[in-house]
Structures are given as C-alpha cells and as structure tokens.
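Data block below; observations after.
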Amino acid sequence: MKFRKIEISLAVGLLCALVWCALEPGFLMSWWGAAFEPLCDGVLTAEGEGGEVVLRSFFAELLEKLRGMGKPMCVATGAPRQYARNGLSRLGILKYFEFVTDCYEFGMDKSQPEYFEEVARRLGTKSERCVVFEDALYAMKSAKTAGCRVVAIEDSTARLQRDEIRAIAD
C-alpha cells in the first residue's frame, strides 16, 4: 500500500505527537523508557522496493498494550480530522482511538490551553491526568498550562527550539 506525502506527514505527526493517554502519574517514565525511546528512529519506515511506508511494529504493539490496560486514547490534530482518520485507517490503527478530533471541532486551536482541557473532557478525564505527545513548542506550552504532562517528540524543523522544548517536556 502506498501513501501520499501528506499522509506520511500526518501519520508521523499524529502517531508521535498527538496521541493522548490518561495515565497514572507514576506510569509515565517507566512507560516512556520501555516503549517510546525507539521513537527516535521514527514510527514509520520505508520498506520494500517501492519504498512502501509501513508502521513500525513496536508502535502497534504499544497501542495494543495500552488498550489492554484500559487506557483511553484519542488523536487531536491541527489538520482536518478526516485526513487523520484516513491515515490512521490505512495504517490499521484507527481502532485504538476513542475519537479523532481537530481544532475545527472545538473552534479553538492548540495554542489555547482550553483546547487540551476540552479534549481531556471528551476523553472522560481531566487534563492533569493526560499525557500529550507533541512536536510543536507552542502546543507543548499550552498543554503544560492546561496541566497535562508533555512528551516532546523531536522534529528536525524545531532544532532551534531544542533547549526550550527540553525544558518544557516531562
């Protein structure tokens, strides 16, 4: 199955950066160390002669484990949610998420802490119990202001903000 450039871009951003999980506070660091360190290598990889884009197996396994633990997850994106749904569906992982939302649905964007509070409410929890995976500094700041824990996902376009991102990330 081949993916268009926009789908690859959305999938990387969505899968790495925008997955929300309502986690117990002590669980975050052990979970990060055990499961998400490989994100440095990316969630998607090109394989085969045609450079087909596939999901790395560890990520699907992680989603399955979190679902098995009863951890509600959603995708919150700045892109139109149907693009995200299409990409997640093509990768076979849409089933892991309670819902996919975007900035258009709530009439606010990820620069506003209220956005993260609303997504948490819809997920059935408080923002203080959420972990946000994010690659955009402005959204990390808003998520932190909303009380979320933040796992920063390194993006080559944010190299100049690396120190500030590391200071914000949990």
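The values are calculated or read from the model by the stated rules, or taken from the named source; none is laboratory data. As the structure is a prediction and not an experimental result, all values here were calculated from the model. Cβ coordinates were reconstructed from backbone atoms using ideal geometry, including for glycine residues, and neighbour counts include every protein chain displayed. Calculation scope for accessible area: heavy atoms of the full protein, side chains included, ligands and nucleic acids excluded. Shrake-Rupley method; radii C 1.70, N 1.55, O 1.52, S 1.80 Å.
Below are the figures for this structure:
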{"quantity": "Yes/no for residue 159 being farther than 24 Å from residue 57 by Cα, touching a residue at least 40 places away in the same chain (Cβ under 8 Å) and either open to solvent by 50 Å² or more (accessible area, probe 1.4 Å) or not basic (Lys, Arg) (or both)", "calculated": "no"}
{"quantity": "Near pairs, Cβ below 8 angstrom, 6+ apart or cross-chain, from the range 61-83 (of a type in the set (Gly, Ala, Ser)) to any residue that is surrounded by fewer than 16 Cβ atoms within 10 Å (Cβ to Cβ)", "calculated": "78/109"}
{"quantity": "In the range 103-157, the residues that are among the charged types (D, E, K, R) and more than 14 Å from the chain's Cα centre (by Cα)", "calculated": "105, 109, 114, 117, 118, 121, 122, 126, 128, 129, 141, 144"}
{"quantity": "Residue within the range 87-95 that is out of contact with any Cys (no Cβ under 8 Å at 6 or more places or on another chain), open to solvent by 70 Å² or more (accessible area, probe 1.4 Å) and touching a residue at least 24 places away in the same chain (Cβ under 8 Å) present", "calculated": "yes"}
{"quantity": "Counted residues, the range 128-146 - those being open to solvent by 10 Å² or more (accessible area, probe 1.4 Å) and either more than 15 Å from residue 71 (Cα to Cα) or touching a Cys at 6+ places or on another chain (Cβ under 6 Å) (or both)", "calculated": "7"}
{"quantity": "Residues of the range 102-127 satisfying the condition of being over 23 Å from residue 82 (Cα atoms) and surrounded by 23 or more Cβ atoms within 10 Å (Cβ to Cβ)", "calculated": "127"}
{"quantity": "Count of the range 82-100 residues which are outside any loop (DSSP other than H, G, I, E, B) and farther than 22 Å from residue 126 by Cα", "calculated": "11"}
{"quantity": "Given (1) modelled with pLDDT under 90; (2) hydrophobic (A, V, I, L, M, F, W, C); (3) not in a helix (DSSP H, G or I), number of the condition residue 74 does not satisfy", "calculated": "(1)"}
{"quantity": "Qualifying positions in the range 130-170 - in contact with a Leu (Cβ under 7 Å, 6 or more places away or on another chain), part of a helix (DSSP H, G or I) and at pLDDT 85 or above", "calculated": "161, 164, 165"}
{"quantity": "The range 147-156 - residue that is in contact with an Asp or Glu (Cβ under 6 Å, 6 or more places away or on another chain) and of a type outside the set (A, V, I, L, M) and, of those, surrounded by the most Cβ atoms within 10 Å (Cβ to Cβ)", "calculated": "149"}
